[in-house]
Structure formats: C-alpha cells, structure tokens
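A.B. asks: One structure, as structure tokens, below. Some questions next.
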Amino acid sequence: MNHIVEDLVSSRGIESTFIDAWGKPAVVKDCTKSKLLKAMGYSVDDESILEQQVDEQLSNQWLNMLNPVQVIKHDEVFTFPLRVGIEFAAEEFTAQLSLESGEVISQSFEPVEHTLLNVAQLDDEEIQEYAISFEHDLPMGYHSLSIEHKQAELAVSKIIKTPQRCYIPKEIEKGRKIWGLSVQLYCVRSRRNWGIGDFTDLSTLVKHAADQGADFVGLNPIHELYPSNPDACSPYGPSSRRWLNYLYIDVEAIDQFSSKGVQKWMQEENVEATLNALRAVEYVDYEGVASIKLEALNRVFEAYKSTYLSKNTKQNKAFKAFVESGAESLQTLAVFEALQEHLKKQGQEFWGWPVFPDEYKAYDMPAVAEFAKANKERVSFYLFLQWQAALQFEQASEVANNEGMLIGLYRDLAVGVSEGSAEIWGNKSLYCTDASVGAPPDILGPLGQNWGLPPMDPIKLYEQAYQPIIELFSSNMHASGALRIDHVMALLRLWWVYKGDDACDGGYVAYPVDDLLAILALESQRNKSLVIGEDLGTVPEEIRSKLADNGMYSYRVFFFEQAKDGGFYSPSHYPCQSMATLTTHDMPTLSGYWHCDDLALGKEVGLYPDDEILATLYDSRHENKQHILDSLHGHHSVSSNISHDVNHVGMNTELNYALQTHMATGTSALLSLQLEDWLEMDKPVNIPGTFKEYPNWKRKLSRNLEDIFTDEKITALAKNLSNRRKVASSD
C-alpha cells in the first residue's frame with residue numbers, strides 16, 4: 001500500500017483494526033481498505049490520477065474561506081476558522097451572522113489580529129488560517145454566517161448551536177418507570193382495515209393501550225417503500241426515510257371517500273368482497289392491498305381535487321403549505337414514484353433508479369424535469385398521498401396526547417435506504433453505491449451481515465452542511481414522543497462492504513459522531529422526543545458512555561443480558577437510562593423461542609451449514625431456558641406451578657406472562673413489550689439472513705384489534721404490568 005493510499009485511509013476514517021464481538025483484535029485487509037476508498041470515488045488503481053485527486057481535494061479545502069458547517073456545543077465560545085491569502089490578512093472583513101430568528105449580528109475584524117492556526121502554500125500563493133473569535137453568544141438553532149469584504153459576500157457557512165443532551169421528559173428524569181407496546185403496524189388485523197394495518201388502527205390501538213396503562217406505542221419503521229413495487233416490503237429497506245408509507249393511509253377516512261363517484265365504484269366493482277379476502281389471509285398480500293388502495297386513492301384524489309384543490313379553499317392552502325415545507329425532498333419522492341409508475345406501465349420491472357433508462361438515472365437530469373412538467377397531475381397525486389399520510393399520523397399522535405400518554409407514538413429510524421431508492425436518486429453524490437452497510441461477524445451472524453443499503457459518504461454529508469441528517473432526524477421526530485435509532489453505531493462508524501465481497505471482508509468507516517449527536521440533541525429538544533439507541537452487536541464500551549452522556553437511552557434485550565456463567569442478569573440491574581425488552585423484530589416470539597421454532601425454521605430455510613452447528617444451538621437453547629427458569633424462580637417471578645426443571649416446562653400463558661411481568665420489576669425507565677407475545681403467537685415476523693425463503697414482514701397478528709382488549713387475561717396482564725412499574729418507580 002503506497003503512502004498516498006495510507007494517508008487517505010487515515011484521513012477518510014477507514015479503521016485498520018477493531019475489536020470483534022469476542023473481544024479480540026481484528027485486522028482489516030489492505031485490499032479491503034483500497035476497495036473502500038474506491039467506493040468513495042478514489043482512483044486507487046492509477047497512482048497519477050489518485051495523486052491529482054488528493055491535490056485537488058487539499059486545494060479546495062484551503063481555497064474555501066469557511067468550512068461548510070460548524071457545530072457549536074452548548075458550553076463553547078463561538079470561534080470559526082477563516083482562510084485568506086496572506087495579502088488580505090491585514091484587511092478589514094465583516095462577519096455577518098443571520099440567526100434563525102431573523103436577527104442579524106455583525107462584527108468587523110482583521111484576520112491578522114486573531115490567532116493564526118495554520119499556513120499552506122498553494123502554487124505561488126500562501127494561505128493563512130485564523131481562528132476568528134465572535135463576541136456574541138448564540139442561541140440554540142441553525143444560523144448562517146457570511147463573510148463580506150468591501151460589501152461583497154465572499155463565503156457562507158451554516159452554524160449550528162446545540163444543547164447539552166437529548167430531551168428527557170421530567171417525570172422520567174424523576175424516576176418514573178413506564179411501559180408500552182410495540183407493534184409492526186402492517187401486522188394489525190381489524191374488521192375495518194383493507195388487509196393491512198393503517199393509521200386509524202393505530203389511533204384505536206393507542207386508545208386501548210392507554211386505557212390499559214401503557215405510556216407509548218412503538219412502531220416498526222413506517223418509511224415510504226415503493227408504490228410500484230409493493231412486494232419490496234421490508235421496512236428496513238425503504239425508498240425514503242423522510243416520508244411515510246402511503247399503504248398506512250385509511251382511505252375511508254379521507255374527505256371525499258363518501259363522494260358519489262367513489263361509492264359507485266365501490267359497489268360496481270364489489271370492492272368489499274376483495275377487502276374481505278385481503279383481511280382473511282394469514283399474511284399481508286402487498287400486491288393485492290396496493291392494487292385496491294391505489295385504485296381507491298386515485299378516485300378519492302380526483303374527487304378531492306375537484307372539490308377543494310381546484311379552488312381557493314383552506315384545504316388547498318394547507319396542501320400547498322405542506323408541499324412547500326417538504327421542499328425538494330418531497331418533490332423528489334413524488335416525481336420518482338410517478339416516474340416509476342410510468343415505466344412500469346410500459347411492461348417492465350423498473351425496481352429502482354439503477355435500471356431506469358439512462359436519461360432518468362438522477363433527479364437533476366433534464367429529461368426528469370420534462371417528465372415532471374408533462375406529468376404534473378401524477379406528481380401531485382403522490383404529493384397528496386404524503387399529505388394525507390402525515391395528517392392521519394398526526395391525528396394518531398393527537399389521540400396519544402389526549403389520552404395522557406407520557407411518550408405517545410414511538411418511531412423507529414432505519415439505518416439506511418435501499419439501493420434503488422428515491423433518496424439516493426435525488427442525492428447521488430451523498431451515497432457510495434459501490435458499497436453496502438452491514439455488520440462484522442458476531443455470535444448471531446458468524447459470517448457477518450450485508451444489508452444492501454449504500455452508505456452516506458461522511459465527507460459529502462459534511463460538505464452538504466449535514467442538511468440530509470437534520471431533515472432525517474426532524475421528520476422522524478415530528479409528532480412522536482420517542483425515536484429509536486436502529487443500529488445507533490452508525491453515528492460513530494459503519495461496517496462497509498464493497499459490492500460483490502463477502503460481509504466478513506468489510507471494514508469500519510468513521511462518522512463525525514460528536515457533530516451528529518449534537519444535532520440529534522437539538523432536534524430531540526425541539527420536538528420533545530426522547531431518543532433510544534439500538535446499541536446491540538459490536539459496540540465499544542466508550543460509545544455507550546458517550547450516548548448516555550448525550551441523554552440517549554440504551555436498548556437492553558433480556559435474552560442478550562447474560563453473565564459469563566450463562567445466567568441472566570436481573571432486570572433490576574439494567575441501566576435506568578435504558579429501554580428494556582424481551583424480544584425484537586429479528587428474534588423469535590417468546591413461544592417460538594421456548595419451543596425452538598426459530599431453529600426448526602432456520603433448518604427448513606437452510607440457514608445452518610450442517611447438523612452439528614444446529615445441534616450446538618439446540619443444546620445452548622436448552623441451557624439458556626434452564627437459566628431463565630432459575631432466574632424467574634430466584635426472583636419469585638413465577639409460581640410453583642411452573643417446574644424448576646426445564647425438561648418439564650413448555651411455554652404456556654403463565655410462563656409467558658411471568659416473563660413479561662418479571663421485566664416490569666426492572667430498573668429500566670422504559671419497558672417495551674411486543675403485542676405478539678400478549679397474543680402468545682409463535683411465528684416470527686422476520687428471519688434475518690433470508691429473502692424469499694420466508695414471508696418476512698408479512699405475518700399478521702392472530703386476532704383482530706377489536707377483540708384483543710376485551711380478553712380478561714390480557715387486561716389482567718396489563719394491570720399487573722402497570723402495578724409493577726409503579727412499584728419499580730418508588731424503589
């Protein structure tokens with residue numbers, strides 16, 4: 001590896017070594033580091049071009065008077081770096097700070113009167129970098145700094161002043177322990193939905209859960225997927241993380257659904273019979289749901305447009321305001337979806353922008369602008385869907401507020417977007433599409449994991465003044481009392497895998513963690529949204545401390561909280577600043593775990609290379625179940641009806657509920673329980689490492705929403721949970 005490549009590896013944050021999941025040092029191969037640089041756009045195979053790229057990069061850094069963005073922590077004095085040619089160092093400049101409030105603060109200065117930081121020689125010109133002290137205190141928020149010389153604006157930078165930590169509700173700070181339900185929204189059955197859970201179901205679930213003492217309802221990622229490719233249904237591989245999945249719209253709740261034209265279509269096409277069939281199937285029929293919902297939404301939109309959007313109505317004003325606030329991000333999504341729909345009608349499967357015709361490969365191409373202009377009505381339709389989705393989600397949030405929930409809705413932010421996404425299509429320079437994020441080998445995934453999600457380039461994110469991440473945090477915290485960040489390690493580092501390589505041959509790339517955490521804290525405080533970081537897997541202990549200091553809550557899963565002797569830690573030993581849970585969307589249900597259904601399914605779909613490994617997993621599960629029984633009996637969390645010997649214990653209602661109430665006695669401020677476990681279901685919602693082998697993200701709940709909270713066993717469980725949380729709060 002030549003010195004240029006070595007320097008780039010260091011400057012671009014590619015780690016040469018790391019500590020693996022077993023606590024042992026691991027070394028990243030030189031060829032892997034070179035490939036990751038290649039994914040970032042460097043010509044590592046041609047030294048002369050590479051040298052030119054590095055020289056241009058260095059020159060650009062010095063020729064820019066200001067950094068694109070600067071994050072100022074709550075206790076820091078505002079000092080900004082300024083780069084000028086030596087001949088201008090003694091001249092007068094004006095720093096003009098435009099605050100978010102509209103106030104403008106000006107300060108004149110001569111660079112030479114401030115601290116000299118560095119000097120660079122570019123060709124025949126000497127560039128000097130000074131630290132300019134700004135004499136005024138800054139309020140929290142997003143501000144703009146401009147530098148003027150002789151009344152000419154020379155440079156602009158974004159200045160972000162951030163609070164000390166993320167938002168935490170006062171009652172939780174004072175020690176209150178709460179619980180809530182988590183649910184995959186698409187799984188929800190009801191007698192009125194259209195074969196998939198929707199935002200009206202969510203409002204109903206929120207009200208019922210609040211009545212039972214819950215303080216939040218946690219959701220799977222509800223990001224927008226692909227209207228023209230509905231079977232691409234993984235909530236963790238979305239098209240856009242800023243916008244909502246239109247399939248969750250309750251069509252019947254939209255004004256104009258009751259119009260004559262829509263109702264005539266409902267009757268003539270016997271739509272109710274189709275809906276009954278979609279409700280009855282065991283797994284969500286995404287193709288069927290998308291087909292009937294899009295047809296209905298098209299008809300509702302036409303009626304709505306005729307009644308409201310073609311006139312100067314309050315609805316039209318609200319719609320236009322929504323579109324304006326969504327700016328280019330919303331427009332990009334709507335154009336992408338209209339274009340993908342158009343291409344699909346040509347009879348081909350255009351799953352995403354990589355297979356679009358060349359003239360449509362990026363949002364900023366002339367042919368795309370022409371398409372958007374020529375298909376303004378279809379673009380408007382997809383804008384309308386996002387507006388209605390936002391209104392219905394906000395309504396569910398309002399129900400939570402009215403019911404007195406302390407947190408209310410609790411959202412989940414996926415770690416990335418899929419390769420063919422609208423998000424990448426609209427900002428291709430930000431993403432390294434020749435790489436994918438994943439995870440190195442660990443106990444649960446000995447071969448490593450490749451998630452098929454292209455990573456953001458940290459340098460491009462910085463050059464774009466962190467705007468994409470600001471919008472991401474802000475939109476996902478909107479109308480939500482909490483946000484779970486999937487794979488929170490992404491704020492510190494991401495495991496990059498070069499396209500075509502095995503996941504174990506990847507390497508870590510560092511991200512500006514302090515800046516990202518500070519921005520997260522600012523958005524959290526603004527939206528009054530508590531933040532939970534999913535810190536599972538290979539996580540350095542120092543990052544856990546950093547997250548905690550930033551006010552972020554850890555994520556503690558009972559089945560992973562084991563001591564070296566195999567025993568399970570008591571929930572009373574969990575960190576107070578954490579959310580505890582029994583299982584996750586990537587794990588079996590309680591019933592599935594106890595009966596080893598996940599291992600049987602894994603064998604069925606070919607996850608295990610040989611019977612020896614599977615036998616080891618069965619033995620380990622048997623030992624763990626015994627340790628669980630020992631812990632439950634040791635803490636008097638289960639009655640003598642349940643044997644102390646695992647060989648005589650099958651999963652039943654008493655054991656299931658005992659595990660849940662055992663967790664409720666713990667010290668974690670937050671406890672999340674899966675609705676599937678309330679219903680004692682056995683099938684998992686997802687089997688990691690599978691694609692077509694199992695119907696991931698499709699399995700529905702076993703009972704209708706209307707029937708769940710009339711079950712006396714379930715209401716008794718909820719009451720017990722609430723009582724135990726109250727006791728834990730007073731300890």
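A.B. asks: Taking the highest mean first, how do the peptides 446-457, 101-112, 237-248 order by number of other beta carbon atoms within 10 angstrom per residue?
C.D. replies: 237-248, 446-457, 101-112
A.B. asks: Once amide H atoms are built 1.01 Å from N in the peptide plane, which residues 5 or more positions from Ile14, or in another chain, come under 5 Å H to H?
C.D. replies: Those qualifying (amide H under 5 Å, at least 5 residues apart or on another chain) are Ala510.
A.B. asks: In deg cm²/dmol and to the nearest 500, what is the mean residue ellipticity at 222 nm of the chain if only DSSP H runs of at least 4 residues count, each as -39500 (n - 2.57), divided by the residue total? Each step should come with its number before you reach the end.
C.D. replies: Working: 23 runs with 279 residues, N = 731.
Roughly -12000 deg cm²/dmol at 222 nm, from the helical runs in the chain.
A.B. asks: What is the magnitude of the charge dipole of the chain about its Cα centre, with +1 placed on the Cβ of each Lys and Arg, -1 on the Cβ of each Asp and Glu, and no other charges, expressed in debye to the nearest 20?
C.D. replies: Values: 64 positive and 105 negative charges, 621 e Å.
The dipole of the chain has a size of about 2980 debye.
A.B. asks: So which of Lys207/Lys698; Lys264/Lys293; Lys35/Lys460; Lys38/Lys460 end up more than 22 Å apart, counting from Cα to Cα?
C.D. replies: Over 22 Å apart, Cα to Cα: Lys207/Lys698.
A.B. asks: For segment 100-250, what does the alpha-carbon gyration tensor say about shape, rounded, prolate or oblate, given a ≥ b ≥ c as the root eigenvalues, a/c under 1.5 as rounded, and a/b over b/c as prolate? Write down the numbers at each step before the final one.
C.D. replies: Working: a/c = 3.60, a/b = 2.18, b/c = 1.65.
The shape class here is prolate.
A.B. asks: Still on this structure, please answer the following. Run the simple label-point estimate for Asp610 and Glu463 please: 7 Å along Cα→C-beta, distance reported in nm.
C.D. replies: 5.0
A.B. asks: Positive end of the dipole of segment 75-161, charges at C-beta (+1 Lys, Arg; -1 Asp, Glu), about the Cα centre: which of Gln107, His143, Phe88 has its Cα farthest in that direction?
C.D. replies: His143
A.B. asks: Taking the Cβ of each residue in Asp682, Asp358, Asp255 as the centre, tally the other Cβ atoms inside 10 Å and list the residues starting with the fewest.
C.D. replies: Asp358, Asp255, Asp682
A.B. asks: Just want to confirm a number: the relative contact order over segment 75-161, from Cα pairs under 8 angstrom separated by 6+ residues, in percent. Intermediate results must be reported in sequence, preceding the final value.
C.D. replies: Values: 168 pairs, mean separation 28.7, N = 87.
Reported relative contact order: 33 percent.
A.B. asks: Hey, fewest Cβ within 10 Å first, where do Tyr553, Tyr360 land in order?
C.D. replies: Tyr360, Tyr553
A.B. asks: Give me a comma-separated list of calculated 3J(HN,Hα) values for segment 520-532, in order, Karplus coefficients 6.51, -1.76, 1.60 applied at θ = phi - 60°, integers in Hz, x for any Gly or Pro.
C.D. replies: Whole-Hz 3J(HN,Hα) from phi for segment 520-532: 4, 5, 4, 5, 4, 5, 5, 9, 6, 10, 5, 10, 10.
A.B. asks: Obtain the radius of gyration and the Kirkwood radius of segment 75-161 from its C-alpha atoms and give Rg over Rh.
C.D. replies: Rg/Rh for segment 75-161 comes to 0.98.
A.B. asks: Residue by residue through segment 53-60, which ³J(HN,Hα) values in whole Hz follow from phi under the Karplus form 6.51 cos²θ - 1.76 cosθ + 1.60 (θ = phi - 60°), with glycine and proline marked x?
C.D. replies: 4, 5, 4, 5, 4, 5, 4, 4
A.B. asks: Let me ask something additional. Amide H neighbours of Leu453 under 5 Å, at least 5 residues apart or on other chains, H built in the peptide plane: list them.
C.D. replies: Answer set, sorted by chain and number: Val437.
A.B. asks: Pull up the cross-link candidates among the aspartates and glutamates for Lys692, meaning alpha carbon to alpha carbon under 15 Å and not fewer than 8 places away within one chain.
C.D. replies: Within the straight-line cut-off, Lys692 pairs with Asp231, Asp285, Glu604.
A.B. asks: Quick check on the exposure proxy: order Ser545, Ser259 from fewest to most C-beta atoms within 10 angstrom.
C.D. replies: Details: Ser545 10, Ser259 17.
Exposure proxy ranking, most exposed first: Ser545, Ser259.
A.B. asks: Do you know the relative contact order of the chain, to the nearest whole percent, from alpha carbon pairs under 8 angstrom that are 6+ apart?
C.D. replies: Over the chain, the number comes to 16 percent.
A.B. asks: Taking the 0 to 90 degree range and rounding to the nearest ten, how far is the long axis of helix 199-211 tilted relative to the main principal axis of the chain, both from C-alpha atoms?
C.D. replies: 70
A.B. asks: Here is a further query. Mind listing the phi-derived Karplus ³J(HN,Hα) values for segment 158-172, rounded to whole Hz, using 6.51, -1.76 and 1.60 with θ = phi - 60°, and x for any glycine or proline?
C.D. replies: 8, 10, 10, 9, 10, x, 5, 7, 5, 6, 9, x, 4, 5, 6
A.B. asks: Given H placed on each backbone N at 1.01 Å, which residues far from Arg189 in sequence or on other chains put an amide H within less than 5 Å of it?
C.D. replies: Leu701, Leu705
A.B. asks: Restricting to the chain, what percent of DSSP beta bridges are antiparallel, rounded to 5?
C.D. replies: Counting only bridges with both partners in the chain, antiparallel ones make up about 60 percent.
A.B. asks: Taking Cα centroids, how far is segment 424-457 from segment 207-229 in Å?
C.D. replies: 26
A.B. asks: Give me the aspartates and glutamates in straight-line cross-link reach of Lys603: C-alpha distance below 19 Å, same-chain residues under 8 apart excluded.
C.D. replies: Within reach: Asp586, Asp611, Glu612, Asp619, Asp682, Glu693.
A.B. asks: So which lysines can Lys311 reach, going by Cα to Cα under 18 Å and dropping same-chain residues fewer than 8 places off?
C.D. replies: Lys320, Lys376
A.B. asks: With semi-axes √(5λ) of the Cα gyration tensor in Å in mind, check [x] 63, 28, 23; [y] 43, 34, 27; [z] 65, 42, 20 and report the label derived from this structure.
C.D. replies: Here semi-axes √(5λ) of the Cα gyration tensor in Å agrees with entry [y].
Since every read-out is calculated from the coordinates, none of them should be taken as a lab result. Here the structure is a predicted model, which means the values were calculated and not measured. For neighbour counting, all protein chains shown are included, and Cβ atoms are generated from backbone atoms with ideal geometry for every residue, glycine included.
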